[in-house]
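The next block holds one structure in the form of structure tokens; read it before the comments.
Bear in mind these aren't lab numbers, they're just calculated from the coordinates by the rules spelled out. Everything quoted here is computed from the prediction, not taken from an experiment. When we count neighbours, we look across all protein chains shown, and the Cβ atoms used for this are built from the backbone with ideal geometry, even at glycine.
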Amino acid sequence: MNKWLRAVCVGAAAAAMLTASAFAANYTNCADSLHEMGLFQGTQNGYDLDRTPTRAEAAVMLVRLLGKEAEVKTLTYTAPFTDLKGWEKPYVQYLHSNGLVNGTSRMTFNPTGKCTAQMYATFLLRALGYSDTADFSYANAIETAREQGIYDTGIINTQNFLRDDAAAASYTALSVSPKNSEGTLLDQLVSENAITEADVKRYQSLFSSYAQYREATAGMDALLHYSVNSELASPVVVTRDGKTVMQVQTSETTVFDREKNELLTDRKMTLSAPNISDKQLLTQSYLSDGALYHKLNGSWSAELVTAAEQEGLAAMYGRVPLVCVDSLSQRAGSWTIICADTPNAYTELLWSVESAMGDLDEAVRLQPTTVTQSVSGGTIRRQSVSAAFTLDGMTAEPVIISTLDKTGADAVLNAPK
């Protein structure tokens, strides 16, 4: 018995350290979709999503989102920049001629320079018809991109902006309506024959459904302080070779402070195994100031998280970001969202199962993650998250049910000491 309990506690401690690191984003699905539409190309190293995009690459993406690539290829280069290699010249030429891009000096563009999140937000807003001299400023480009629904909370890493983030932001931008337009940016590209409708019809349908979902859950944007009660729908049975290794049950209450992107979870775990008495563990999780803390057996451990990761974890009870959605449907006030993978925001919800099994980031997903949300008055009242994993021969199929409890001043987050 002692050996088993030690193993479980070691697994829980390891999961506490791995939860945040397992949060690393990978939006290959967005890159795949953009590639399918002819809007995103890889390099000799594939999509190369784990590096910073260059200014030249960002310029090419802006031209494609404007639907002007065919026109660009007919241009003669006359721009003043002398440091362009060749392939990027017509793209920069078009943008320079239309006042959509500036150089780093009168004669240089710095094509291999890093494209920041702020710079890319500016490009995407321009693609949507917004002017950084009339509608927004370069200084508040990121904030404006969030307001326009381009930079989803917890998705775009504005501190360490990668091609991964650029793919996610570009994909999301296609679902947004350009300035003074009713259709989406993707609809506009189709109407201008920049993209063939037959190739993107399923995305148009998805974006239309997601817009309805976004409107139905609009009340969540104003919900800044609230608490949620969560529990496994039934004890999770962890099996190996068809035999029960252990069972895990958990109940927890999480208080959210979205203004500070903080959360505090008080959790009770019950662990069972054949021929061994049940064991209860009381744990806490606390997210604050760029760190995710876990308390187990009276001891705290901590893992640093980025601002985007902190925002994402603080939004684990909320609207599912578009980049995570493979399909969605609605029936009688209930939305069912199918995610090809487990959205990063739910890593903390799965902590108890991860504690028993090990690092779920290394696990094989047996089926897509399904999120079902009951919505009333613009607010998500109830949420269930179901998934299935196999790791080192062990299999588990958790279903986590969360219910909105307190809101506003009644939901008080008392930071642990």
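Projecting the Cα atoms of Ala139, Ser251, Gly129 onto the dipole axis of the chain, where Lys and Arg carry +1 and Asp and Glu carry -1 at the beta carbon, places Ser251 farthest toward the positive end. Segment 319-348 and segment 371-417 have Cα centres lying 13 Å from one another.
In order along segment 226-241, the Karplus-derived 3J(HN,Hα) couplings, from 6.51 cos²θ - 1.76 cosθ + 1.60 at θ = phi - 60°, round to 6, 10, 9, 9, 10, 7, 6, 4, 7, x, 6, 8, 8, 10, 9, 6 Hz, and Gly and Pro are given as x. Of Arg64, Arg51, Arg126, the residue with the greatest mean-square motion in the GNM of the chain, using alpha carbon springs below 10 Å, is Arg51.
Around the amide H of Val305, modelled in the peptide plane, lie the amide H atoms of Ala291, Leu292, all under 5 Å away and 5 or more residues distant in sequence or on another chain.
Since only Tyr120, Pro343, Phe207 are under comparison, the one whose Cα sits farthest along the positive direction of the charge dipole of the chain, derived from C-beta charges on Lys, Arg, Asp and Glu, is Pro343. For the pair segment 249-293 / segment 44-97, the C-alpha centres are spaced 48 Å from each other.
Taking Ala198, Ala211, Ala173 as the candidate residues, the one with maximal mean-square fluctuation in a Gaussian network model of the chain, Cα springs under 10 Å, is Ala198.
For Rg and Dmax of the Cα atoms in Å, the value computed from the atomic coordinates appears in the list (1) 23.4, 80; (2) 21.5, 70; (3) 27.4, 104 under label (1).
Only lysines eight or more places from Lys260 in sequence, or on another chain, were considered; those with a Cα closer than 20 Å are Lys406, Lys417. Classified by the C-alpha gyration tensor, segment 39-194 has a rounded form. Its axis ratio a/c, with a ≥ b ≥ c, is below 1.5.
Residues of segment 80-101 falling in the label zone of Thr112, defined by backbone nitrogen less than 17 Å from a point 7 Å along Cα to beta-carbon, are 82-89. For segment 301-318, the Karplus equation 6.51 cos²θ - 1.76 cosθ + 1.60, evaluated at θ = phi - 60°, returns couplings of 10, 9, 9, 5, 10, 6, 4, 5, 5, 5, 4, x, 5, 6, 10, 5, 10, x Hz by residue, with Gly and Pro reported as x.
Membrane-span-like helices of the chain, defined as complete DSSP H segments with a Cα extent of 18 Å or more along the helix axis and a mean Kyte hydropathy of at least -1.0, are identified as 2-21. The helix-only estimate of mean residue ellipticity at 222 nm for the chain, built from DSSP H runs of length n ≥ 4 each weighted as -39500 (n - 2.57), is -8500 deg cm²/dmol after division by the residue total.
Highest mobility in the GNM of the chain, judged by mean-square fluctuation with C-alpha springs under 10 Å and restricted to Ala340, Ala70, Ala218, is found for Ala70. Taking amide H positions as modeled 1.01 Å from N, with prolines and chain starts lacking one, the residues under 5 Å from Ser288 and 5 or more places away or on another chain are Tyr293. Close amide H pairs (under 5 Å, H built 1.01 Å from N) link Ile155 with no residue at least 5 positions away or on another chain.
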